[in-house]
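All remarks here apply to the structure that follows.
What follows draws every value from the coordinates through simple rules; no lab data is involved. Small disclaimer: the values here were computed from a predicted structure and weren't measured. A quick note on method: Cβ atoms are made from the backbone with ideal geometry, for glycine too, and the neighbour counts reach across all protein chains shown.
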Amino acid sequence: MWRPQSGIYIRRFMPAPVVGIDLGTTHSLVAVMKGDRPELIPNRYGKRLTPSVVGLDKNGQVHVGESAKNQLVSAPDRTVLEVKRLMGSGQKVQLGDRSYTPQEISGFILKALKEDAERALGEPIVEAVVTVPAYFTDAQRQATKDAGALAGLKVERILNEPTAAALAYGIEHLDKEQFVLVYDLGGGTFDVSVLEMFEGVLDVKASAGNNHLGGSDFDAAISEWLFQAADGLGLDVRNDAKARARLKVAAEAAKIELSSVMETHIAIPFLGLKDGEPKSLEIDLGRETLEKLLGKQLESTLKPIETALKDAKLDKATVAEVILVGGSSRIPLVHQLLTTFFGKAPKGGVHPDEAVALGAAIQAGLKSGAIKSGNSIMIADVAPFTLGVKVAGNAKDQMVSGLFSPIIPRNCKVPVSRTESYYTTYDNQRAVDVEIYQGEDRFVRNNTFLDMYTVDGLMPKPKGEESIDITFTYDINGILNVKTRINSTGKEAALKVDKSGQRMSPLERDEAQKRLDREWKGSGNAPGGAAPKPAATGTVADPLVDKAKQKLGALSGDARAKVEAKLKALEAARASGDKAKASAAEAELTDTLFDLE
């Protein structure tokens, strides 16, 4: 139960709600502050988790979530998942004969979450706090803001996922003084953050991670094992899109099941043809085999932990709690590795799937004024990457170009502003190209290019006698502003690094938003394009109750009795007029339905 902490004042007259959104690789969630606690908002099907899947049906309508995921096997060419991994890349996504940017696909997902929130809260939602992996690059963060704009959301605040999870954990433990480590292994990314908690302050000391490691990689490893099994049966299915989709679905299901059992049976009927006859794949997968398949990938998560601890200048023995976040953190081998590394079992105090969204809702409440916090809640985050410029330098009496000169080192507290001076490299130099990079390598070719601009108007002098100051300012959203000043003349120029080659121009964004709105029309319907049944006269449709009643038809025994009891408790709480009791009953019923999925 979320309770108000000392020093937190909840306003009686609430401002327009700002929601918190966890835009995930495999699932996305939306949450909001309700009274004194953050709550997840169920989607139109009564579920807390919305699959981050977008599909185009045969009628040309765009679907998001369950209905899109349901067509993955039958229409893989018109279904896309894990688009988060493409954010900031500029790579196009194909749905049938249509082409979309990753921002547009993510915009569809955000629009679905926005509409679910509006349906639940009964008022328009115009602003959101959206979370991203701590190790997301500038281009990926900018692409996330673009996606929000396409969905009709104002995304002024980007929050790092481990920081959000720590906020969800920390708000219940504001009286503690300790170091905690957040281990966030999601569907497509891995982050680790080390934080210090004291007097209501969450102070991020260091972050590290891998933007290309997560549950989808584990599914791919299991899928490859299944492909090899199919090869052994003489089935050639690697180039069959539908077969690949079926194997991925089976791999994900097996991975999840093996978190609670030691062995699972995989059966995929009519997977392919051999000698003109349909053949099925049936095989047992044990946890021991799974751990061999995933072992190296999971062991690789220990190195970022070591990096973060080293950057934070801490020993692992100093860490009081290890908090697990992300669905993939449920894999038993993760627990074993972390227990061995730290000498103690990781913490289970937050819901791996929900903590990030709940933390985002808390940050949204702080931002909107729904929560007022004098000195009770404060977040101090860090820059996950080193930021700098391309320079030339002397090496063995020769001028070498392409060197990386850091200006803001990684794990600096943000917001931060730093200035460095640079000098001309040849006589009578009149201009200089300022090339901005992000990364840790001494050569810019191994780092990520962000942007560039030309500074002209330098006074013609011998090399080394004319100088410019370059100032980097990095804000709480991970957005970089650059300013240059020619010291001899005082001439200044500025650049906001939000124009990466993958980012949409205002005109492109406007056209994409019109397209999204046009193609979205009617996609709020139930699966298959059928409109939801209207509520009875004088009543309001309740997707949670509808979902519970629908679920009862497929249940029996203790499970059915449990759902019936939770449903009756909700109806009684609502009838009593006690909003807090009704809200708690809604959460309990949602949890029960979620556990039965």
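Summary table
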| item | result |
| --- | --- |
| Sequence-distant residues sharing a close amide H with T25 (under 5 Å, placed H) | G187, G188 |
| Under 18 Å from K114, Cα to Cα: aspartates and glutamates that are on another chain or at least 8 residues apart | D22, E39, E66, E104, E123, E127, D146, E156, E354, D517, E519, D542 |
| Cα lying deepest toward the dipole's positive end in the chain, options A572, I470, V400, charges on Cβ | A572 |
| Charge dipole magnitude, Cβ of K and R +1, D and E -1 - the chain, Cα centre, debye nearest 20 | 960 |
| Under 11 Å, Cβ to Cβ, from D97 - net charge with Lys/Arg +1 and Asp/Glu -1 | +1 |
| Lys pairs, segment 387-496 - Cα-Cα below 17 angstrom, 8 or more residues apart or on other chains | 4 |
| Selection from T289, W520, A208 lying farthest towards where the dipole of the chain points positive, charges on Cβ | W520 |
| Peptides 256-265, 97-106 ordered by average Cβ neighbours within 10 Å, highest first | 97-106, 256-265 |
| Magnitude of the charge dipole, segment 228-316, Cβ model with Lys/Arg +1 and Asp/Glu -1, debye to 20 | 400 |
| All aspartates and glutamates inside 14 Å of K242 as judged from Cα atoms, apart from same-chain residues fewer than 8 positions distant | D77 |
